[in-house]
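Enquirer: I have a structure here, written as structure tokens, and I will follow up with some questions on it.
The values are calculated or read from the model by the stated rules, or taken from the named source; none is laboratory data. Predicted, not measured: the structure shown is a model, and the values here were computed from it. Quick reminder, even Gly has a Cβ in these numbers, built from the backbone with ideal geometry, and neighbours come from all protein chains shown.
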């Protein structure tokens, strides 16, 4: 018998219900209003008084309206056919909805029950399996989709039978497993999982030890993101958060990309699903949409579902991770999710924390970020979920609760600066404020030494120091005037500009410059750092700036040329000549 | 609204605040309309039998035995072709003796368009103002506000934009509009002979501030009728959204909600997004473009209203008084149209993006030269030329009194380049220079 209830109160999308039976926290229920059934979630229980947040508009809802509790929490449906779809925050397939407007109470199937898949068994009769063990696989777009023992299965099972290779519907039984009590359980290609719970069906979660390539130099070289790592991008409006996220989503070295458009502009989502079917994945050559799923709850869609959308994205990510895949989740923007929490906390009349956000905001955020990570799978091998969230700080001020809470949780911090954006220095990632804690991980350092070159990390730190010193002398030049400082100050300043213009800045609208693979980054970084290590002599500050401007122009032309192409080599030769011909200061021991 | 067939009448009010009353009543729907002592009101909270209503005009003089009448439905607007050419109040009631229009009743503040059914905006909306068309081109389906201080002529500029944009319908939502400004809009549209394609929804400063909250939804319900049902290109003008937000703050305060930044309600982002996101390009060719006004306090864009707006809208237009020319210009540095790259150089002449960037860059150099001058450093020959360029650029292109088409704007820009700079200094792609650089007579 399902628990039912009646509505007793309505305040916007917070509804109180008198329930007639057991109710669990975060249980889903449906409220009937004018023939529509509105999906809602229990957020507070006080005796038989239950507070629920409604994922839809509550217009016209009256006291006494019937409520039906569903007996389970908010769940995602997991199975082949998720890739390339466009879901809302509750995993409804937006492409399948008929009407122009989103009618309330209309829900549909996230997967196509009639679709058939080419199944190949992996497990054999007699195998001992557990949750997340691979039973078989089906090809799904760009990935090999593993059919697994559902995450909700507890303990060990023995495989009783597996169907032979062939074509099956997703609801067909593909295997039967027997539990320790001797009961049989059917396994299909579909399983469900409550989104708010982390999937823990893996052996262990080691520290990340590899760098995830994004093709963005200011990230990969200066502040690398680890595979299975977490990062966040705060920035005022107009600083290029969304452009940077879209760039990463196009170029990142991942098998599956989940774009969670959480409370942002609908036109930005339109851009993704108009362009991704046309653009190539730089790693596989397939179309980008093949590896991408969009979860979109734009700013005008119901607020409570906005909060659900990030969890839906994370649960789908964990599912693909268990298949041994590299998953990247991008959420734009987590501030909107925090605001949704704030609206609800306010209606619940909870005592507010800073800026009226709920007191447990920091805990909620860090709990969520902790679901990312690289894991050792139950059947061996690894899979990873890498998470990057954007934050939209109120008034562009980074000292606000969402930014501060996220800073405690995420390991990489990519601060977009208004000043850089104003001077069109894109990506506007501030080279001094931003950081990656992974740069200090011995595992990552070893990885970089082995895959890039010896002493890589110290070279990166050297470059950061140069940028820092450049900024300092620039301030002095501004106060004392061009003539008021020694020429060596100008040289120092221009070296930092060289790093900025030729390496940190990148044209995300240029077909070649936009995506800079790691090998090319290594090459260019070494070239630039080599120049920065030279002790140039200049007649005066004007000669100094002329020299560097010319140098910057040439190296930028290299950035715009195909790596290793003839024009690339041409410009490189010109750079070499310019640097070689320029007079150097004599060191005290007579060396140049 | 007073002719509803089924009314429920209650007379036991047991709580009255400045903006709300609470009455014991049964079977009342959330967001339902009502009247309290003859004043329009709306249900905002239900707690068992206790129903809280927001009284738009305020509760002065309401007594505990005032009559509360529930209409059994949320606010609606009658939509039909007859809307055009008429003026309505915040409740959608015709003003100035106009009669009720024929048409279907629609709930205001209805559901949103399925993002998957949207089209990518791609149609250029020329306004004749170079500060907009050249540097910050507007696109159909876009939402963009003017960020302006109260002393700037934003309403005049908006009226100009409305008249020049080739829209099938123009819908003006006036919130806290002074009577003078309202009459200004009316006269301008009347003189232009455009009144028949304009719909007004007006809340003036003489009306209760809380009524404003209905205006954007009314305007956008009408807009959705013309765009979705009729496939028309609709331009919606909303002025002033800061006053709308103020009304939100008043209501949330009266409802004992905890304020967040700048005393604004915590839901401000969602409340504003619900309005702005109605801007859409539809597959049937219809579109809703929203041009709004957000007044600033001394140019402060970190205040909660412009800040949240900036995160929602697709750019913003800044007006500025230019001391060089004494004219009001569209600031090329702080203004931004996020959708411009969808049309410039594609729907306009090929040289548009490059000319735009070059001109803004040279204008930035002029700003640098000006700072140098102020700090007492010597100016180079190049600096002096940039200053002259900046004056002409500001006067002939950025000023809001300019009204020319885009090709002419581009030609003027080229002639200014040639007048003050060498080809290398302008640094535009060689083939474009070849084609468009003016030949000396």
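Enquirer: Output the number of residues of the range A:142-169 satisfying the condition of being over 20 Å from residue A:195 (Cβ atoms) and assigned to a loop (DSSP other than H, G, I, E, B).
Expert: Looking only at that region, the number is 6.
Enquirer: Could you grab me the full set of residues in the range A:47-56 that are surrounded by fewer than 24 Cβ atoms within 10 Å (Cβ to Cβ) and either in a loop (DSSP other than H, G, I, E, B) or away from every other protein chain (no Cβ under 14 Å) (or both)?
Expert: A:47, A:48
Enquirer: Now for a different question. Within the range A:257-298, how many residues turn out to be surrounded by 24 or more Cβ atoms within 10 Å (Cβ to Cβ), facing chain B (nearest Cβ under 8 Å), assigned to a helix (DSSP H, G or I) and touching a strand residue (DSSP E or B) at 6+ places or on another chain (Cβ under 6 Å)?
Expert: 0
Enquirer: Among the residues of the range A:152-175, count how many are in contact (Cβ under 8 Å) with a residue 40 or more places away in the chain and surrounded by fewer than 21 Cβ atoms within 10 Å (Cβ to Cβ).
Expert: Our first condition is that a residue be in contact (Cβ under 8 Å) with a residue 40 or more places away in the chain; within the range A:152-175, this holds for A:152, A:162-171, A:174-175.
With the extra rule that they be surrounded by fewer than 21 Cβ atoms within 10 Å (Cβ to Cβ), the set shrinks to A:152, A:163-169, A:171.
Number satisfying all stated conditions: 9.
Enquirer: So, in the range A:162-216, exactly how many residues are out of contact with any strand residue (DSSP E or B) (no Cβ under 8 Å at 6 or more places or on another chain) and at positive phi?
Expert: Count: 2.
Enquirer: Among the residues of the range A:331-366, what is the count of those that are away from chain B (no Cβ under 12 Å), closer than 18 Å to residue A:236 by Cα and touching a helix residue (DSSP H, G or I) at 6+ places or on another chain (Cβ under 6 Å)? Quick ask: steps written out before the conclusion?
Expert: Here is the first cut: in the range A:331-366, the residues away from chain B (no Cβ under 12 Å) are A:331, A:334, A:359-366.
Imposing the further condition that a residue be closer than 18 Å to residue A:236 by Cα reduces the set to A:331, A:334.
Now narrow it down to the ones that are touching a helix residue (DSSP H, G or I) at 6+ places or on another chain (Cβ under 6 Å): A:331.
Residues that pass the stated criteria total 1.
Enquirer: Give the residue, chosen from B:192, B:222, that is surrounded by fewer than 22 Cβ atoms within 10 Å (Cβ to Cβ) and touching a helix residue (DSSP H, G or I) at 6+ places or on another chain (Cβ under 6 Å).
Expert: On the way: B:222 fails: surrounded by fewer than 22 Cβ atoms within 10 Å (Cβ to Cβ).
Exactly one residue qualifies, and that residue is B:192.
Enquirer: Also: Could you run through the range A:9-35 and say how many residues are out of contact with any helix residue (DSSP H, G or I) (no Cβ under 9 Å at 6 or more places or on another chain) and within 14 Å of chain B (Cβ to nearest Cβ)? Full working, then the answer.
Expert: Keep residues of the range A:9-35 that are out of contact with any helix residue (DSSP H, G or I) (no Cβ under 9 Å at 6 or more places or on another chain), which gives A:9-10, A:15-35.
Narrowing further to those that are within 14 Å of chain B (Cβ to nearest Cβ): A:9-10, A:15-18, A:31-35.
Selection size over the range A:9-35: 11.
Enquirer: Of the conditions (1) crowded, with 24+ Cβ neighbours inside 10 Å; (2) within 9 Å of chain B (Cβ to nearest Cβ), residue A:317 fails just one. Which one is it?
Expert: (2)
Enquirer: Still on this model: Mind listing just one residue for me: the one in the range B:403-433 that is modelled with pLDDT under 90 and assigned to a helix (DSSP H, G or I) and, of those, surrounded by the fewest Cβ atoms within 10 Å (Cβ to Cβ)?
Expert: We begin by selecting, within the range B:403-433, every residue modelled with pLDDT under 90; these are B:422-433.
Still in the running and assigned to a helix (DSSP H, G or I): B:423-426, B:430-433.
Working: B:423: 13, B:424: 7, B:425: 14, B:426: 22, B:430: 9, B:431: 10, B:432: 18, B:433: 18.
Checked the range B:403-433; the qualifying residue surrounded by the fewest Cβ atoms within 10 Å (Cβ to Cβ) is B:424.
Enquirer: Give the range A:410-458 a look and list any residue that's outside any helix (DSSP H, G or I), within 22 Å of the chain's Cα centre (by Cα) and more than 26 Å from residue B:336 (Cβ to Cβ), or say none. Steps first, please.
Expert: Residues of the range A:410-458 that are outside any helix (DSSP H, G or I), as a first pass: A:410-417, A:423-436, A:441, A:452-455.
After this cut, where a residue has to be within 22 Å of the chain's Cα centre (by Cα) as well, the list is A:410-417, A:426-431, A:433-436, A:441.
A:410, A:411, A:412, A:435, A:436, A:441, listed by residue number.
Enquirer: Looking at A:237, A:232, can you tell me which residue is outside the structural domain of residue A:518 (by TED's automatic domain parsing), in contact (Cβ under 8 Å) with a residue 24 or more places away in the chain, surrounded by 23 or more Cβ atoms within 10 Å (Cβ to Cβ) and part of a loop (DSSP other than H, G, I, E, B)? Give the steps one after another, and end with the answer.
Expert: Numbers: A:232 fails: part of a loop (DSSP other than H, G, I, E, B).
Exactly one residue qualifies, and that residue is A:237.
Enquirer: Consider residue B:128 carefully, then state whether it is surrounded by 17 or more Cβ atoms within 10 Å (Cβ to Cβ) and in a loop (DSSP other than H, G, I, E, B). I'd like the intermediate steps shown before the answer.
Expert: Numbers: surrounded by 17 or more Cβ atoms within 10 Å (Cβ to Cβ): yes; in a loop (DSSP other than H, G, I, E, B): yes.
Yes.
Per-residue answers, yes or no, for (1) touching a residue at least 12 places away in the same chain (Cβ under 8 Å); (2) within 28 Å of residue B:161 (Cα to Cα):
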site	(1), (2)
B:359	yes, yes
B:399	yes, yes
B:419	yes, no
B:424	no, no
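Enquirer: Given the criterion at positive phi, surrounded by fewer than 22 Cβ atoms within 10 Å (Cβ to Cβ) and either free of Cβ contacts under 8 Å to residues at least 24 places away in the same chain or not assigned by TED's automatic domain parsing to the domain that holds residue A:492 (or both), identify the matching residue among A:461, A:424, A:399. Give the steps one after another, and end with the answer.
Expert: Values: A:461 fails: at positive phi; A:399 fails: at positive phi.
The unique qualifying residue is A:424.
Enquirer: Then there's this: Within the range A:63-70, does at least one residue satisfy the condition of being crowded, with 18+ Cβ neighbours inside 10 Å, within 8 Å of chain B (Cβ to nearest Cβ), in a loop (DSSP other than H, G, I, E, B) and in contact with a helix residue (DSSP H, G or I) (Cβ under 8 Å, 6 or more places away or on another chain)? If you could, list the steps in order and put the result at the bottom.
Expert: Of the range A:63-70, the ones crowded, with 18+ Cβ neighbours inside 10 Å are A:63, A:65, A:67, A:69.
Then keep just the ones that are within 8 Å of chain B (Cβ to nearest Cβ); that gives A:63.
Going one step further and asking which of them are in a loop (DSSP other than H, G, I, E, B), we end up with A:63.
Retained after the next criterion (residues that are in contact with a helix residue (DSSP H, G or I) (Cβ under 8 Å, 6 or more places away or on another chain)): none.
No.
Enquirer: Mind checking whether some residue in the range B:16-38 is away from chain A (no Cβ under 14 Å), touching a helix residue (DSSP H, G or I) at 6+ places or on another chain (Cβ under 7 Å) and either closer than 28 Å to residue B:186 by Cβ or surrounded by fewer than 18 Cβ atoms within 10 Å (Cβ to Cβ) (or both)? Even if it seems obvious, please write down each step before you answer.
Expert: In the first step, residues of the range B:16-38 are kept if they are away from chain A (no Cβ under 14 Å); the result is B:16-19, B:21, B:35-38.
Still in the list and also touching a helix residue (DSSP H, G or I) at 6+ places or on another chain (Cβ under 7 Å): B:17-19.
Now restrict to residues that are either closer than 28 Å to residue B:186 by Cβ or surrounded by fewer than 18 Cβ atoms within 10 Å (Cβ to Cβ) (or both): B:17-18.
There is at least one residue in the range B:16-38 that is away from chain A (no Cβ under 14 Å), touching a helix residue (DSSP H, G or I) at 6+ places or on another chain (Cβ under 7 Å) and either closer than 28 Å to residue B:186 by Cβ or surrounded by fewer than 18 Cβ atoms within 10 Å (Cβ to Cβ) (or both).
Enquirer: Continuing with the same structure: Look at the range B:96-114 and say how many of its residues are more than 17 Å from residue B:140 (Cβ to Cβ), touching a strand residue (DSSP E or B) at 6+ places or on another chain (Cβ under 9 Å) and within 14 Å of chain A (Cβ to nearest Cβ). Before you say what the answer is, go through the steps one by one.
Expert: Kept after step one, since they are more than 17 Å from residue B:140 (Cβ to Cβ), are these residues of the range B:96-114: B:96-112, B:114.
Cutting the leftovers down to touching a strand residue (DSSP E or B) at 6+ places or on another chain (Cβ under 9 Å) gives us B:96, B:98, B:100-108, B:110-112, B:114.
Now drop any that are not within 14 Å of chain A (Cβ to nearest Cβ), which leaves B:106-108, B:110-112, B:114.
Qualifying residue count, the range B:96-114: 7.
Enquirer: Looking only at the range A:91-126, which residues are more than 14 Å from chain B (Cβ to nearest Cβ) and assigned to a strand (DSSP E or B)?
Expert: Correct list: A:116, A:117, A:118, A:119, A:120, A:121.
Enquirer: Of everything in the range A:421-436, what is away from chain B (no Cβ under 14 Å) and either within 19 Å of residue B:365 (Cα to Cα) or in contact with a strand residue (DSSP E or B) (Cβ under 8 Å, 6 or more places away or on another chain) (or both)? Give them in sequence order. Step through it out loud before you land on a result.
Expert: So in the range A:421-436, the residues away from chain B (no Cβ under 14 Å) come out as A:427, A:429-436.
Residues satisfying the conditions are A:427, A:429, A:430, A:433, A:434, A:435, A:436.
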